[in-house]
Structures are given as C-alpha cells and as structure tokens.
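Rule-based calculations on the coordinates, nothing more; no lab input. Because the structure is a prediction, the values reported are computed rather than measured. Ideal geometry is used to build each Cβ from the backbone, glycine not excepted, and the neighbour counts take in all protein chains shown.
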Amino acid sequence: MLIVLSDEGSPRMQSVVDALHHAGTETIDNVGALARQIPTFLIAVRIIVCFVWLSPWLTRIFRRGERFSPRLDPSLRLLIEQLLTAFIIVFGVAVAFGVIGVSFATIIATFGVAGLIVGFALKDILENFVAGILILWRRPYEVADQIQVGTNAGTVSEINFRSTTLRTADGIQVFIPNAQIFNQAIQNLTENGTRRTTIVLQFPLDTDFARTEALLREAVSGVDGVLPSARPEILLLGASATAYELHVRYWTAPEIQVTNRIESAVRLSIDNALNGVDLSRTPAAPAGTPDGPETSP
C-alpha cells in the first residue's frame, strides 16, 4: 500500500522539527554556559568560605585591642564582635556576587532599600537600640548605681539594648526605654560616693542666729551616719516679713535608703535640741543697770 503525504503537512512538520532543534540548541548552550560558570561559582564559594574563616581571626585581634578600652561594657563588647563578624561575612558575600557578575552598585542598592524598609518598620526598636549602644559606650551609669530620670528614681538592676531597669526604694521594677533616658537629664546619685541633704527650717525674726546655729550644728553632727569629714553648714538663705529660713546642709552616703533614714534621725535630733529652748535675742540692758555699761558720775 502506498502512502502519499500531502504538501499541506510538510510545513507543519518542518516547523515542529525546527522548534525541537531550536530548543535542543538552546538547552545545550545553557548547559555549556552553566558548565563554563562552574569554576566561577567555585571561586565565589571559596571567597565566602575564606571570609567566614577570616572573621574569627579578626575578632581575636579586636579582643587583643580591648586593653585600650578596659571600661568597655561586656554587652557592648559582645555586640561589637557580632557586628564585626556579620560585616566581614556580608562583605565576603558581596565580593562573591561581584565575581559571579553582579555589580557592586546593585548589591549596595539592594542592601540600602532593604535597610530603609527595615528602618521604617522597626523605627522605635532601632531608636532604643541605638540609644542603648550609646549608653553602654558612654556609661553615664552602671548596674548598682542609683539614678533619677524624670520622676523615676531607683537602683539600676539591668541595662540592655532596649531599656534600663530600675528598682525603686519601694521594691518596684521600672522599665524605661533607652531612647527616653537618652533624651532626658540623668542624675547619677551614687557616682561621687557622697550626697548632700538640705533641710529648710523657719525661725522668727527675733531669733538669736548665733545660738541657733551652734545648737543646730551640734544636733546634726551627733547623728550617726552624718559624715564627719564635711562640717554641717547652717546658712541663712531666705526671709519674709515674719520669719527667715535657715538651710541645714550635711553629707552622708549616697544611697536613697541611707539618706532617708539619716534625714529622719537629723530632724528628730534637731527637734530634741530646740525643744523648750528660748532662742530669742536678749534685749540690751538699760544704762546704769548692773548688766549695762558703767556711767560716769
């Protein structure tokens, strides 16, 4: 039996053959290109491995240089080591992409866009994180210091990269975001090792200042906990139409619990010293009296 192919089927068959030939040729070319890229990929992988191996070595160099900054906080030191390791590895990956053929401009743009997106999404967290790094770097206070930030005062129990934890005199824990602390005035109450307390007292205008000052200084100096190295001060720093103010100043240990306890004892000692004592000025004796000056005959 004789089979005759029509002329109409020949173009279709030819197009199918051409398509298969083109696909096969393209596949072979792709495989060849990939095969030619294998050495480049291997070089890129070796570069990444080399930078990963290099990162601990550079970290050890950083640790040796820590003797130049002995007060560097351990948490900040660990963070710097981690950031240094991450930077070295990321740089190695960027170099590897450059060997493959990806331009550095594209890599930098990609990281920049990613960083911008993360920055907007985590604005508050990053703000506290950066503030925490600056606090740990500058160290305006340390753990166990007593500080006051705004209306919050207490003992620092923890400093991390997000917040600072205070333990108040009432035993309450207060968590303050680092950004809030960094933007306010910080009072370190225990940095200098001593602290001055001032008690303001009012006395009538006819009070004998010399006698009052002596009694107050004796009452304050006799309280246990008042530092003898700094003499208590009795200062006249205010007055009104009916009274004047005496400021009693003395020095103690800086802890809040100590200052409160000693202030209570000082106030009790002052009250006991002045209770029932007439502090008014003695009027001058008239001329010719035994207490007054002698008069000529």
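A Förster radius of 51 Å combined with the Cβ-Cβ distance from Y244 to N183 puts the calculated FRET efficiency at roughly 0.80. Here the peptides 253-262, 82-91, 214-223 are ranked by packing, the mean other Cβ count within 10 Å, and the order with the highest first is 214-223, 253-262, 82-91. Remark: relative contact order (region 78-230) = 15 percent; criterion is Cα-Cα distance under 8 angstrom and separation of 6 or more residues.
The spread of Cα positions in region 157-217, taken along each principal axis and listed from longest to shortest, comes to 58, 23, 22 Å.
Using 0.36 nm per residue and subtracting the Cα-Cα separation, the extra length available between R77 and V99 on full extension is 4.6 nm.
Amide H contacts under 5 Å for R139: none, restricted to partners 5 or more places along the chain or on a different chain, H placed in the peptide plane at 1.01 Å from N. Subtracting the Cα-Cα distance of T106 and E191 from their residue separation scaled by 0.36 nm leaves 25.6 nm.
Remark: spin-label model distance T59-N160 equals 2.1 nm, labels positioned 7 Å along the Cα→Cβ axis. Extension gain, R231-I43: 0.36 nm per intervening residue step, less the Cα-Cα distance, totals 60.0 nm.
Across region 140-188, Cα pairs under 8 Å and at least six residues apart give a relative contact order of 35 percent. The ellipsoid equivalent to the alpha-carbon distribution of region 140-188 has semi-axes of 14, 12, 10 angstrom, derived from the gyration tensor eigenvalues as √(5λ) and listed largest first.
Roughly speaking, what % of Cα-Cα pairs in region 195-274 are separated by over 21 Å, rounded to a whole number? Summing the P(r) tail past 21 Å for region 195-274 gives 25 percent. In this label model, D170 and L84 are separated by 4.5 nm, measuring between points 7 Å along each Cα→Cβ vector.
For region 195-274, the relative contact order is 41 percent, taking Cα pairs closer than 8 Å that sit 6 or more residues apart in sequence and dividing their mean separation by the residue count.
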